[in-house]
Amino acid sequence: MGKILYLECNSGISGDMTVGALLDLGADREAFTKALQSLEVEGYQLHFGRTRKCGLDAYDFDVILENEGHDHKGDHGHDHDKEHEHSHEHDCGHSYEHDHEHGHGHSHGQDHLQVHRNLQDIYAIIDRLDSSSRVKAMAKRMFDIVAEAESKAHGIPVEEVHFHEVGAIDSIVDIIGVAVCVDSLGVDEIVVSPLAEGYGSVRCQHGVIPVPVPATANIVSSHGLKLRLTDNEGEMVTPTGAAIAAALGTRKNLPSSFQILKIGLGAGKKDFKQANVLRAMLLMEEEGAGENMWVLEANIDDCSGEAFGFAMECLLEAGAADVWYTPVFMKKNRPAYMLSLICREEEISKMEDILFIQTTTIGVRRYPVSRTILDRKKRKVMTEFGEAEVKICSYKGRTFCYPEFESVKSICRQNGLDYQTVYSIIRRETEK
């Protein structure tokens, strides 16, 4: 299975807590700061430090806007602080070993001010990012989720949503920072625990609104997140935090057994009776561990080959572990295909939606299965023809190398080589 990132949200989740936890877990801080420099915005500093929460040593990350001095954001440093008119009080913990780094760039020195931006403005900032398309897509996905939630909360179209706080530079840094850090950790799966939330209300520019705030509640509802209410007064889950949970989670449950490789703690800015930290763990599922999955099947005799191909693409993009077709004969000896797929239980509804919309089936059957999977990880190797991606699997002390099809195909086309030759070259370079 490879590495699993587990976000344990027993004290809520916010953008700066997540960045702090990921950096504490070992995410590349240099890659993070370089990525932010490429945004060409200025007027802020990055705070990297340590603090104590209920006696626990935790990573204290913050974005400090230069026109606000060195006060840290209050209430987790979350994205609605100014919008909700919260005070900017410094964390009550004992900070130490901290340092600041300036944001870099030019011509955008006012990006940190309260400028109203729509989603396309946010996209333009993200597109300046010197990072992979995966990181950009992850960041845009988080903003999409927030925009949809704000659209529903205010009763306006998504394109008319203007970001007051979520569009501010501190929140852009938080969201892009999470995307860059997750990418640098090289995890294969991400599990997010139920989100612990407080109670009561917060004051915003239009009056007093309940906790969880409407945008957070909409994200939780729309994306099937699990919420657990606590007896802590105040907001513990911010809209950005909820968007992070919704965008990053790739599976609902932890494996039945695993090893903990490393633990990171990201500090919040409030003090509760429990340690106000987001705990992130790098886990490794045990080699050859069993996993419970579901098989979905449908017999189809009136669907074109092109429609079948498109349906397969949609199912795989939606998270199906595998999709395949089997020639069968149905009633009256009609030739047909049995469409089969394997997925996790929480993905069944999504898979059925695709089957009913993208094929002509009028019924889907399903049954649980167990499978044994090998530990696997992706690796990039340099060959004489350029970079290639390979999948490394291990089992009982043995290692197996499988070059990825897209890498082999790309090198073949660029160099006029045959598939078997390129495949062998990549394997040979991997085994060196």
Open item on the list: If you average the C-alpha positions of segment 1-52 and of segment 255-313 separately, how far apart do those two centres end up, in angstrom?
Closed with: 21
Open item on the list: Cut-off is 10 Å between beta-carbons; in what order do Y367, Y44, Y423 appear when sorted fewest neighbours first?
Closed with: Y367, Y423, Y44
TODO: Would you mind giving the three semi-axes, in whole Å and largest first, of the ellipsoid equivalent to segment 159-231 according to its Cα gyration tensor?
DONE: 25, 20, 11
- [ ] Averaged over every viewing direction, what's the projected area of the C-alpha convex hull for segment 238-301? Give it in nm², one decimal, please.
- [x] 8.0
Task: Amide H contacts of A27 (H built 1.01 Å from N, under 5 Å, at least 5 apart or other chain) - done: none
Open item on the list: If each DSSP helix of 4+ residues adds -39,500 (n - 2.57) and the sum is divided by the residues in the chain, what number results at 222 nm, nearest 500 deg cm²/dmol?
Closed with: -9500 deg cm²/dmol
TODO: Under 1.5 on a/c is rounded, so check that first for segment 171-210, then, if it is not, pick prolate when a/b is larger than b/c and oblate when it is not; a ≥ b ≥ c are the square roots of the alpha carbon gyration tensor eigenvalues.
DONE: oblate
TODO: Mind running the shape call on segment 130-275? Use the C-alpha gyration tensor, a ≥ b ≥ c as the square roots of the eigenvalues: rounded below 1.5 for a/c, prolate if a/b tops b/c, oblate otherwise.
DONE: oblate
Task: Gain on full stretching of the segment that runs from C393 to I362 - 0.36 nm per residue minus C-alpha separation - done: 7.3 nm
- [ ] Just need the Rg to Rh number for segment 375-430, please, alpha carbons only, Kirkwood Rh.
- [x] 1.00
TODO: On each of the three principal axes of the Cα atoms of the chain, give max minus min coordinate, whole Å, ordered largest first.
DONE: 73, 51, 43
Task: Karplus-derived HN-Hα couplings along segment 38-52 (A = 6.51, B = -1.76, C = 1.60, θ = phi - 60°), whole Hz, x at Gly and Pro - done: 6, 6, 6, 10, 9, x, 8, 10, 9, 9, 10, x, 10, 8, 10
Task: Viscosity 0.890 mPa s, temperature 25 °C, Stokes-Einstein D of segment 290-372 from Kirkwood C-alpha radius, µm²/s - done: 190
- [ ] Please determine, in degrees from 0 to 90 and to the nearest 10, the orientation of helix 305-317 with respect to the longest principal axis defined by the Cα atoms of the chain, where the helix direction is its Cα long axis.
- [x] 40
Task: Estimated D of segment 278-432 in µm² per second, where Rh is the Kirkwood radius over Cα pairs and Stokes-Einstein applies at 37 °C, 0.692 mPa s - done: 178
Open item on the list: Which of H154, H223, H206 has the fewest other C-beta atoms within 10 Å, and how do the rest follow up to the most?
Closed with: H206, H154, H223
TODO: Compute the separation of the alpha-carbon centres of segment 409-432 and segment 225-245 and state it in Å as a whole number.
DONE: 48
Task: Rounded to the nearest 20 debye, dipole of segment 290-372 from Cβ charges on Lys, Arg, Asp, Glu - done: 440
- [ ] Note down the relative contact order for the chain as a percent, whole number, built from C-alpha pairs under 8 angstrom at least six residues apart.
- [x] 20
Task: Selection from V390, S424, Q414 lying farthest towards where the dipole of segment 375-430 points positive, charges on Cβ - done: V390
Open item on the list: What distance in nm separates the two pseudo spin-label positions at S304 and R379, each 7 Å out from Cα along the beta-carbon direction?
Closed with: 4.5
TODO: Give, in nm to one decimal, the length gained when the segment between R228 and E431 is fully stretched (0.36 nm per residue of separation minus the Cα-Cα distance).
DONE: 68.3 nm
TODO: Could you state the angle between the C-alpha long axis of helix 348-358 and the longest principal axis of the C-alpha atoms of the chain, as a value from 0 to 90 degrees rounded to the nearest 10?
DONE: 60
Task: Order of Y325, Y419, Y59 - criterion: other Cβ atoms within 10 Å of each residue's Cβ, fewest first - done: Y419, Y325, Y59
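Readers should treat all values here as calculations from the given coordinates under stated rules, not as data from a laboratory. The structure presented is a predicted model; accordingly, all values stated were derived computationally and were not measured. Using ideal geometry, Cβ is built from the backbone for each residue, glycine included, and neighbour counts are taken over all protein chains shown.
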